[in-house]
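Written out below as C-alpha cells is the structure these notes cover.
Each value in this text was obtained by applying a stated rule to the coordinates, not by laboratory testing. Quantities reported herein were computed from a predicted structural model and do not represent experimental measurements. Quick reminder, even Gly has a Cβ in these numbers, built from the backbone with ideal geometry, and neighbours come from all protein chains shown.
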Amino acid sequence: MVRQPGGTSPDRPVRVRYAPSPTGYPHVGNIRTAMFNWLFARHHRGTFIVRIEDTDVERKVEGAVEDVLESLRWLGLEWDEGPEVGGRYGPYFQSQRLHYYRPVVEQLTSDGYAYPCYCSHERLEAMKAEQVRRGQPPGYDRRCRNLSQEERSRFEAEGIRPVIRFKTPLTGRTEFRDLIRGKVVFDNSTLDDFVLLKSDGYPTYHLANVVDDHLMEVSHVLRADEWLASTPRHILLYQAVGYESPQFAHLPMILGPDRSKLSKRHGATSLLEFRDEGYLPEAMLNFLALLGWSLDDRTEVLSREELVEHFSLERISKTAAIFNIDKLRWMNGLYLRKLDIDDLTERALPFFERDLPSSVRRPIDRSYVRAVVALEQERAKTLAELPQLGEFFFMEELDYPVDLLLQKLNREKASQALTTVSQKLGALGPFDHGSLEATLRPLASDLSLTTKELFSLLRVAVTGRTAAPPLFQTMEVLGKEACLRRIEAAIRLLRG
Ligand code: GLU
C-alpha cells in the first residue's frame, strides 16, 4: 500500500484544504469554510490547498469548479496548491487520482477491513423502505459481510460488479477531540458498513477524502458541522489503513434570521450573487469572518491583515451563526464610504454600464460617473445602488408626475418661480455650487416662497425626485445646459 509520510505530530507544518464537491454553486457557507481554512493557514504561515472532490460523476454541475475558484479569487483567498497553480501533491482533482484509491481498497480488503457487496440497487432500496416503515435507522444490513468464497465467486461469475464496503466494528466507540467542540464520541453500532469504492470504480467521498488528506499531508481538517457524522467513519478508516489522522474542527452552521438553515428563501446565498449585487469583497470578507468567529465581543470592523493576525480556532463559537443581511449592508456601506473616489469610480463603472437604461449612450463617461458617485458615496450601501440613485443624471428626459413639482404650490406660482430661476441661471457665468447657491438662495423671498419651497421645486425639476444628493452640487454636476433644459421641461409640464 502507498504509505507516505502523514499524521499530525504537533510540530507538523500547518497544511489545510478547502475541498468542495462541484455539485452546485458555492454559497456563503461553503466560502466561509474556505475562508476559515485560508485564515488559519495564513495565521500559522502554513499552506492553503484547494482540492476538488469531483468523484460524484452523476451530481456534477457544469461550471461549478469555475464558480468556486472565481469566488475565492474575488475574495482574495489565494491558494498555494490546487487547480491552476498545481503543487507537489497534485493532481488536485480527485477524478484524476483514481490510481491512488484502488490500491488502498485492495489492501483493506486483503487485511479483512473491507469486503465486496453484491446487493442490487433494488434490494438496497427495498431494505431502506422497510427500515423507514419500521422506524429503524437507515443503514446497510451487512448481508454480504460474511459471504463465503464460493458465494462471492458465484456472484462474480454472474458478472455482478460489487461495491466495496468498510467492515465497521460492530461494538465499541470511536472518539476524537474536536478542536471546537471538544470530545466527541460515537457508538460504532450506530455506523453502518459504508461504501468505499463504487461499482463504477470511483471512490466515495469517505475513501477519497481520507486517502487524499493523508497523501497531501493535511494537518487540520476545518469543515462544516454537517460532516461531523462522517468523522468517526474517517477515523476508523485512518486506523485501518494505519495513517495518523489529522486534527478536526467542525465549524458552526449558518442560519437565516428566522433560525432555520440558510437557504434561497433568505435571499441571495451564492457568493457571486453578492458580488453582482454590488457588495465589496473586503466587506464580505469581514462579514463572513464574523459568522462564527469573533475577536472579542465588540469589534466588528477588521481588515484582512487584522483577521489574519488574530484568527484562532479558540474564538470560533460552538453555536450556530445568524446571517443578518442588514448587518452586511451596513458593513458594506461603511467600506464603500472609505474608498477613495477613483477606486470607487473604477468599481462602480461596470454597474453603471450594466444597469442604466439602454437609452443612455454607451460607453458611459468615466469622469461624469466619478462626479456622480462622489455625490452618492455617503448614501449608497452597495455598488448596484449607485446607478439606481444616480439614474437621473444620465437621462435625456425625466419622467415624473406634475404633482411632485407642486407640493403645496399652485401651478401658476410654481411655473413663475421656475421661469425666474431659469432667467437667473441663464445669465450666470460660473456654474459651480457656490455661485448657484449665492444666486438662488436670495431669490426665494423675492418670489415670496420659503427657501425650502423653492429648493424642493427646483430639486424635482432637475432630478425628477424629491430625494437626491445636495441640490447645488447636483446642479453643478448636471451642468448649465441640462439644468436649463430640465427647468424648461418642468415649466411646460406645469402649463400642461
Ligand atoms: N467534499 C466535501 C464538501 O463538499 C468536503 C467535506 C470535507 O471537508 O471533508 O464539502
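Here is how the numbers come out for the structure above:
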| read-out | value |
| --- | --- |
| Shape call, the stretch 162-243: gyration tensor on alpha carbons, a/c limit 1.5 | oblate |
| Charge sum, other residues only, whose C-beta stays under 12 Å from ARG370's C-beta, Lys/Arg counted +1 and Asp/Glu -1 | -4 |
| Unpaired by the 4.7 Å Cβ criterion, cysteines found in the chain | CYS119, CYS483 |
| Dipole magnitude (debye, nearest 20) for the chain, charges at Cβ of Lys, Arg, Asp, Glu | 880 debye |
| Tail beyond 17 Å, pair distance distribution of the stretch 251-309 (Cα, percent) | 49 percent |
| Over 25 Å [Cα-Cα, the stretch 164-322], rounded percent | 45 percent |
| Net charge dipole size for the stretch 1-143 [Lys, Arg +1 and Asp, Glu -1 on Cβ; Debye, nearest 20] | 540 debye |
| When the stretch 1-108 is reduced to its Cα atoms, the Kirkwood hydrodynamic radius in Å | 15.0 Å |
| Whole-angstrom Cα spans of the stretch 215-287 along principal axes, big to small | 49, 26, 16 |
| Cross-link pairs beyond the 29 Å C-alpha cut-off, checked among LYS60/LYS261; LYS128/LYS198; LYS381/LYS408; LYS60/LYS183; LYS60/LYS264; LYS338/LYS480 | LYS381/LYS408; LYS60/LYS183; LYS338/LYS480 |
| Sum of side-chain charges, SER435 neighbourhood, beta-carbon under 14 Å (Lys, Arg +1; Asp, Glu -1) | 0 |
| Residues THR319 and THR299, FRET efficiency given R0 of 30 Å [Cβ-Cβ distance, rounded to 0.05] | 0.95 |
| Full-extension gain in nm, LEU428 to ARG366, via 0.36 nm per residue minus C-alpha separation | 19.6 nm |
| In the stretch 402-454, the trypsin sites (Lys or Arg not before Pro) that fall in loop regions by DSSP, at most 10 other Cβ within 10 Å | LYS408 |
| Calculated over the chain: convex hull of Cα atoms, volume per residue (Å³) | 207 Å³ |
| Given charges at Cβ of Lys, Arg, Asp, Glu: the stretch 18-130 dipole, positive-most of SER110, THR55, LEU124 | SER110 |
| Cβ charges +1 (Lys, Arg) and -1 (Asp, Glu), total dipole of the stretch 352-496, debye | 180 debye |
| Order of ILE487, ILE160 - criterion: other Cβ atoms within 10 Å of each residue's Cβ, fewest first | ILE160, ILE487 |
| CD proxy at 222 nm, helix term only [per DSSP H run n ≥ 4: -39500 (n - 2.57); per residue of the chain; nearest 500] | -13500 deg cm²/dmol |
| Charge dipole (the stretch 214-264, unit charges on Cβ, about Cα centre) - positive-most of TYR243, LEU262, VAL221 | LEU262 |
